[in-house]
Structure formats: C-alpha cells, structure tokens
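The values are calculated or read from the model by the stated rules, or taken from the named source; none is laboratory data. Fair warning: this is a prediction, and the values are worked out from it, not measured in the lab. Quick reminder, even Gly has a Cβ in these numbers, built from the backbone with ideal geometry, and neighbours come from all protein chains shown.
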C-alpha cells in the first residue's frame with residue numbers, strides 16, 4: 001500500500017508521525033512510503049534522511065492521496081484546519097492519528113460524510129496487547145518530564161538541597177496532582193533534579209505507584225471508591241466531591257514551591273482542583289504548571305499556552321508539551337503507529353476486523369457512518 | 001553603623017544584597033539596617049519581611065546616605081548606571097558588592113575621585129578563610145545548575161534513558177567545557193536529569209573533580225602545564241594553544257546533544273572554544289548554553305542574552321543566570337556579604353586592616369586613591 005506521512009500544520013506542532021528509522025519496516029512489509037516535504041524538519045529529521053531510507057518525498061497532494069495517511073494531529077485534532085483538510089481527502093481513504101474524537105466529535109460527522117475511514121488513537125483500549133501502540137501513554141510520559149523541567153526552570157530557587165560555604169539551601173517542595181503516566185514522570189523528574197516531592201490522586205491505587213518513583217502520597221481523607229474507571233483512567237466525580245477535595249488540597253498547595261497538575265478525565269473538561277484562592281495563598285516566586293490545559297486546565301487561573309503572574313506566583317499552562325521534545329516524541333509516536341499499522345494492514349490490505357477491540361475501539365468513521373460508540377453518543381446518534 | 005541595602009537597577013537583576021533573615025545578625029552586632037523600598041521584591045522578599053526583622057524601609061537617598069551601602073551590582077558592575085550612581089555617593093562612604101573592577105576599571109577612577117571607599121567582592125583571595133564570603137563561587141554554583149536546566153529545557157529530546165512499551169530512548173549526551181565551580185554543578189545537574197556527561201578543562205587537576213560528579217573527562221592530548229594560576233583559576237594561554245584545543249574539541253562537540261561552556265579567565269575576554277564551524281557540525285535540535293557570555297562568550301556565535309538558531313542548533317548566551325533563581329542566589333549572596341562585613345566592621349567601625357589579604361585584595365578605592373594593584377595596573381597607574 002501507499003502510506004503517506006503528512007506535514008503537521010497545527011500551530012506549535014513540531015512532531016512528525018513517522019521518523020526515517022521506521023521507513024525500513026514499512027518498506028519491508030511491501031509498502032511504499034510518501035513523506036510530505038519538510039514533514040520532519042521541526043523534529044530534526046531532514047527530507048534526505050527519509051529519502052535515504054527509500055521513502056519518496058512528495059507534495060501535500062501526494063501524501064493526502066495515499067491509501068493510508070498518517071498524522072500526529074489527524075482531522076479533528078486541530079479544529080481550525082479540520083474542514084479544509086477533510087475537503088482534500090477522498091472516499092475510501094484511511095487516516096490514522098490523534099483526532100480528539102471525544103473533544104471535537106463534529107469532525108467525525110464530516111469525515112463520515114466524506115467517506116473517509118478514520119482511526120483515532122486516543123480510543124485505544126487499555127489492554128496489554130495495545131500497550132505498544134499507546135500514544136497517549138508515550139506522549140504523556142514526555143509531557144510529565146517536561147512539566148517538571150519547566151517548573152524547575154521558572155522557580156526562583158534551585159530544587160536540590162545544597163550545602164555551600166555560605167550555608168545550606170533546603171530542597172524545594174513540589175506537589176504533583178494526578179499520578180497517571182504524566183504525573184508519575186513529573187514526580188520522577190522533580191525527584192531526580194532534587195526536590196522533595198509529594199503526590200495526590202483520587203485513585204487510591206495510585207499511591208503505591210507515586211511512592212515507587214519517590215513521592216510521599218498525600219491523603220486528603222476523602223472517600224475514593226469509584227474513582228477509577230474499568231479502563232484505569234480517573235472517572236468523573238460530583239461537584240460536592242471536588243469542593244471537599246479543594247478544601248483539603250488548599251492547605252497542601254500553600255506549602256509548595258512547585259505544583260504540577262495533570263488530572264484529566266477522558267472526553268470531559270478537566271476538573272478545577274487549584275482555585276484562584278489557593279494560588280494567592282502560595283509564596284511569591286512559586287510556580288504552577290498545569291498540563292491539563294488542553295482540557296480546560298486543573299487551575300482556575302490557567303490560560304492555555306500562556307504564562308500568567310498572580311501576585312508573584314507564575315501559572316504556566318502548556319497544551320502540547322510533547323511537541324517541545326519533538327525528536328523523542330516523534331520517535332515513540334512513530335513506533336506506536338507502526339505497531340498499530342501491523343495490526344491494521346494484513347497482506348497488503350487494510351483489514352477492519354471489528355472483533356478485535358483495538359480496531360473496533362479506534363475506528364471512528366467508515367463507509368459513510370460514524371462507528372465509534374462513544375462518539376455516536378456524543379453526537380446523539382442512536 | 002547605618003547599613004543600607006540598595007534596590008538593584010541593572011536590567012534583569014532580580015537579586016538583592018541582603019535578605020530579611022540576615023537583618024537579625026546585623027542588628028545584634030549593633031547596626032541599623034535601612035532597606036530601599038522594593039529592594040527584595042523580585043527575589044520574593046517583601047518590604048514587610050524586612051520591617052518585621054527590625055529594618056527601616058527607606059528611599060534611595062536614605063540607602064545611599066548610609067555609612068556602608070550594600071549592592072549586588074555595585075558601581076562599575078552596570079556601566080550604564082555607574083556615573084549617575086557614583087554622583088549620588090558622598091566622600092567617606094563605603095560600598096560593598098560586585099563591581100567588575102577588572103572589566104570596568106574606569107569606574108574605580110570615578111569612585112576614587114568621589115572619595116568613596118569601595119570594595120569589589122570579585123577580588124576576594126582564594127584562601128580558606130575567605131570561602132564563606134566567596135560570592136563568585138556561590139553564584140557560579142547556581143549558574144551551572146541553571147545552565148543545565150536551560151539546556152535540557154531547550155533540547156528536542158529528553159535527557160534520561162527511558163524504556164517504554166514503544167522501545168527505548170537512549171540518554172542524551174552532554175559536554176561541559178570548563179570544570180570550575182559552575183561547570184561542576186552543570187555536570188552534576190545534567191547527570192541528575194539523566195544525561196551521559198563528559199567534561200573538558202585545560203586544568204588537568206579538574207579531571208578528578210569532574211569525574212567525582214559523574215562526568216567522563218575528555219583528554220584532548222594537549223599539554224596542560226601552567227594552565228592554572230596560583231589562585232586556582234584558569235590562566236590565559238596563547239593563540240596557538242587555543243587553536244590546537246579547538247581542533248581536538250571539534251570532534252567531541254559534534255557528537256553532543258548539549259554543550260555547556262563555562263570557561264572564563266578573570267579579567268580577560270573568555271577564550272573562544274566553540275567555533276562557528278563546530279556549531280554547524282552539530283545535529284539539528286542540539287543546544288549550546290554559553291555561560292561565559294558576560295565575558296564575551298566561549299562560543300563564536302553567542303550573542304549576549306539572546307538565543308540564536310544556527311541551522312537548527314540553538315545557541316543560548318545568558319549573562320546573569322544567578323538572577324534567574326533570585327531567592328536562593330540572594331540568600332547565598334547575603335550570607336557571603338554578612339560574613340565579609342563581620343571582618344570589615346569591628347566594634348562599630350570600618351577597619352581597613354591592610355595586613356589582611358581579604359581586606360587588602362578587595363579594597364578598590366580609598367582616600368581618593370585607586371588601591372587595588374590589579375586595577376591600578378589596568379589603569380596604567382604606577
């Protein structure tokens with residue numbers, strides 16, 4: 001098959017869906033690879049690097065005209081570009097990438113209408129067999145790492161304890177809220193740099209994991225039953241729960257130099273956990289990094305992709321941290337994607353085996369229909 | 001005595017010469033402390049915090065009219081403000097701070113003419129008794145830490161090796177050039193975050209120190225005799241030495257993701273160690289942080305306080321990294337300074353004991369004369 005690799009167009013997106021090293025495997029499997037000119041430039045991969053591996057470097061039209069087109073940000077993921085992009089796809093074409101199907105389900109309607117067979121990797125089931133394709137995890141790991149670095153880079157102190165001839169500097173204190181994949185990496189990175197780290201998560205099961213990477217787990221004394229979905233993600237709670245959570249968290253937050261928030265609930269607005277009042281109770285010079293910003297943010301004062309100063313407290317709300325380490329983010333993403341393609345393309349043909357939950361869960365549109373049950377629900381389709 | 005604490009005026013300077021915790025000791029020693037309103041704000045110390053410790057919060061005139069006025073950047077250190085500042089000082093007044101006496105010796109002429117007794121902490125002798133006052137070391141430690149964080153934050157990769165379901169990311173490679181106080185801390189911090197670190201210094205004695213904090217020492221096969229002054233600083237070398245050094249270094253540099261340069265020679269332009277050619281041989285996405293920028297830089301392409309892109313390689317040349325961690329930088333600086341004052345002020349009087357090398361070496365001007373021999377040399381005074 002002819003597999004296209006699109007140049008990303010979303011603002012600030014520096015990743016690429018396929019890196020040169022992954023061209024080999026696809027060609028060995030009998031595929032032709034067409035890479036849009038400049039697709040890998042921002043991630044450090046030149047056109048020549050793809051060509052050296054036997055890929056064809058082509059135009060946007062060449063890539064969008066392939067049998068299967070690979071994206072980091074597939075139609076839906078960047079709302080501003082979605083309509084135009086879908087207009088350039090043809091019936092029967094297959095697209096694979098992050099498509100934000102739960103955040104922007106209307107793109108699915110347009111994709112179905114265009115007759116496109118689209119896959120959204122956010123919908124991968126959390127089963128062992130899908131781990132090697134799990135782009136949410138691979139990208140979240142990098143986001144957590146980078147959140148810690150940004151916080152450390154912005155703080156008015158250093159993180160490690162340091163003993164000098166002029167006395168001893170105590171270590172900085174960091175709190176990570178949400179101990180999922182991103183949170184655990186944020187904990188590990190803050191710890192590595194030298195901070196004293198604590199962590200909080202509504203899922204009691206997260207305590208052991210957070211402790212294993214160096215954090216003290218904060219017990220707010222709240223009941224945590226039902227905090228986790230069967231899939232291992234945090235589930236949504238009622239407003240009363242969040243209010244009590246905020247009251248208890250406030251005292252912990254006030255004592256921190258750094259707060260990193262990572263609490264997301266798939267397909268919903270992120271819960272507000274750090275209120276304006278809590279921010280104002282922090283010491284001047286302290287830093288909040290809110291990586292749930294793309295989902296509305298865990299901090300009430302977050303402004304997506306901006307850095308705001310609240311009485312000396314810096315609130316940073318990056319929406320796309322993986323794109324700031326594009327070489328490694330693309331490398332993991334490309335590996336995830338090629339693992340997915342191995343399952344999807346059998347004997348040179350796209351095989352829609354809907355008895356396989358990996359295919360069934362990620363297939364958003366096909367044959368003119370919106371297929372994914374969760375997206376159909378959001379669109380009010382029976 | 002009446003001790004004044006100036007509000008810093010140099011662009012980007014966020015430190016303050018005295019923090020509230022150090023007011024206690026000065027008051028116990030019988031001194032009155034006058035802090036210029038807003039002096040500690042950028043470092044996270046409010047006027048009220050000083051007042052709570054018994055300091056008087058006053059105007060610029062109050063502070064400049066004190067018996068001894070404390071600065072981070074004393075007259076000379078910020079050329080643009082030096083003349084105006086000296087114009088506001090009175091004969092017999094004592095100033096203490098960083099004054100860049102070897103970089104900007106002309107300020108000494110003006111200070112002498114104004115009858116000011118000025119001390120430059122850069123000139124502290126490297127003796128055991130002076131370690132607790134050594135502002136160059138305390139600030140360089142922070143600069144080295146921050147250089148590593150900036151490099152890690154800008155690189156298109158993560159530093160640590162990471163094993164994920166989508167494969168293993170190899171660790172990033174960092175080279176630190178100049179293994180003095182700043183360099184050693186840059187090594188330690190890169191290592192902590194997870195890089196594979198190597199180090200280079202002209203002083204063979206630096207190898208063991210660099211290795212003790214986790215670096216592999218790079219041997220360029222150059223003769224290193226005479227590379228170190230009696231005071232333990234790197235000494236200047238001839239151009240032929242630097243040329244051979246550059247040739248050998250080029251190969252090492254090309255293999256790095258991160259290069260941090262810290263090579264400075266007191267009172268001279270920093271040697272150019274990383275040439276334009278070397279930068280162009282690095283992979284796109286890699287990063288150079290040149291913290292010798294205030295002395296002209298170790299990288300040929302450095303532009304002070306700017307970030308330049310050379311074919312995908314980012315060259316960052318910050319001139320005042322300690323000011324970016326102002327809370328801790330001020331804390332160490334203030335402790336250094338109060339240790340110096342304990343020696344300088346005895347029984348409520350400034351005692352110019354020129355038999356003490358700490359006093360003799362740091363005294364730049366007194367009684368209308370330029371005193372410091374090295375500054376006199378630079379000014380062509382007999």
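Taking the criterion of being surrounded by 16 or more Cβ atoms within 10 Å (Cβ to Cβ) and in a helix (DSSP H, G or I), the residues of region A:61-88 that qualify are A:62, A:63, A:64, A:81, A:82, A:85, A:86. How about region B:293-331: which of its residues are closer than 17 Å to residue B:18 by Cβ and in contact with a strand residue (DSSP E or B) (Cβ under 6 Å, 6 or more places away or on another chain)? Within region B:293-331, just B:328 meets the criteria. For residue B:168, the conditions (1) touching a residue at least 24 places away in the same chain (Cβ under 8 Å); (2) more than 9 Å from chain A (Cβ to nearest Cβ) are fulfilled apart from (1).
Residues are listed down the side, and each one gets a yes or a no for (1) away from chain B (no Cβ under 14 Å); (2) within 20 Å of residue A:263 (Cβ to Cβ); (3) touching a residue at least 60 places away in the same chain (Cβ under 8 Å):
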site	(1), (2), (3)
A:289	no, yes, yes
A:312	no, no, no
A:315	yes, yes, no
A:322	no, yes, yes
A:328	no, no, yes
A:331	no, no, yes
A:334	no, no, yes
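How about region B:147-162: which of its residues are in contact with a helix residue (DSSP H, G or I) (Cβ under 6 Å, 6 or more places away or on another chain) and either more than 7 Å from every other protein chain (Cβ to nearest Cβ) or surrounded by fewer than 23 Cβ atoms within 10 Å (Cβ to Cβ) (or both)?
The first filter runs over region B:147-162 and keeps only residues in contact with a helix residue (DSSP H, G or I) (Cβ under 6 Å, 6 or more places away or on another chain), leaving B:147-149, B:152-153, B:156-159.
Across region B:147-162, the qualifying residues are B:147, B:148, B:153, B:159.
Note on region B:257-277: residues that are under 24 Å from residue B:195 (Cα atoms) and either surrounded by fewer than 23 Cβ atoms within 10 Å (Cβ to Cβ) or not assigned by TED's automatic domain parsing to the domain that holds residue B:153 (or both) amount to 1.
When you look at residue B:4, is it modelled with pLDDT under 95, more than 14 Å from chain A (Cβ to nearest Cβ), under 26 Å from the mean Cα position of the chain (by Cα) and not in a helix (DSSP H, G or I), yes or no? So residue B:4 fails the test. The set of residues from region A:35-60 being under 9 Å from residue A:6 (Cα atoms) and part of a strand (DSSP E or B) comprises A:35, A:36.
For residue A:125, indicate whether it is surrounded by fewer than 22 Cβ atoms within 10 Å (Cβ to Cβ), touching a residue at least 12 places away in the same chain (Cβ under 8 Å), under 22 Å from residue A:270 (Cα atoms) and out of contact with any helix residue (DSSP H, G or I) (no Cβ under 7 Å at 6 or more places or on another chain). Criteria not met by residue A:125.
In this structure, is residue A:103 within 14 Å of chain B (Cβ to nearest Cβ), in contact (Cβ under 8 Å) with a residue 12 or more places away in the chain and either out of contact with any helix residue (DSSP H, G or I) (no Cβ under 7 Å at 6 or more places or on another chain) or assigned to a loop (DSSP other than H, G, I, E, B) (or both)?
no
Taken residue by residue, region A:190-202 has at least one member that is more than 25 Å from residue B:43 (Cβ to Cβ), without any contact (Cβ under 8 Å) to a residue 60 or more places away in the chain and within 14 Å of chain B (Cβ to nearest Cβ).
Step by step: first the residues of region A:336-369, then only those that are free of Cβ contacts under 8 Å to residues at least 12 places away in the same chain and under 25 Å from residue A:103 (Cβ atoms), then the one that is surrounded by the most Cβ atoms within 10 Å (Cβ to Cβ). Which residue is that? Give the steps one after another, and end with the answer.
Residues of region A:336-369 free of Cβ contacts under 8 Å to residues at least 12 places away in the same chain: A:346-347, A:351, A:353-355, A:360.
Now restrict to residues that are under 25 Å from residue A:103 (Cβ atoms): A:354, A:360.
Values: A:354: 11, A:360: 16.
Step by step, filter region A:336-369, then rank; the result is A:360.
Take residue A:372 and tell me if it is within 14 Å of another protein chain (Cβ to nearest Cβ) and surrounded by 24 or more Cβ atoms within 10 Å (Cβ to Cβ). No; evaluated as a whole, the condition is false for this residue.
The requirement of being modelled with pLDDT of 95 or more and over 30 Å from residue B:245 (Cα atoms) is fulfilled nowhere in region B:174-189; no residue meets it.
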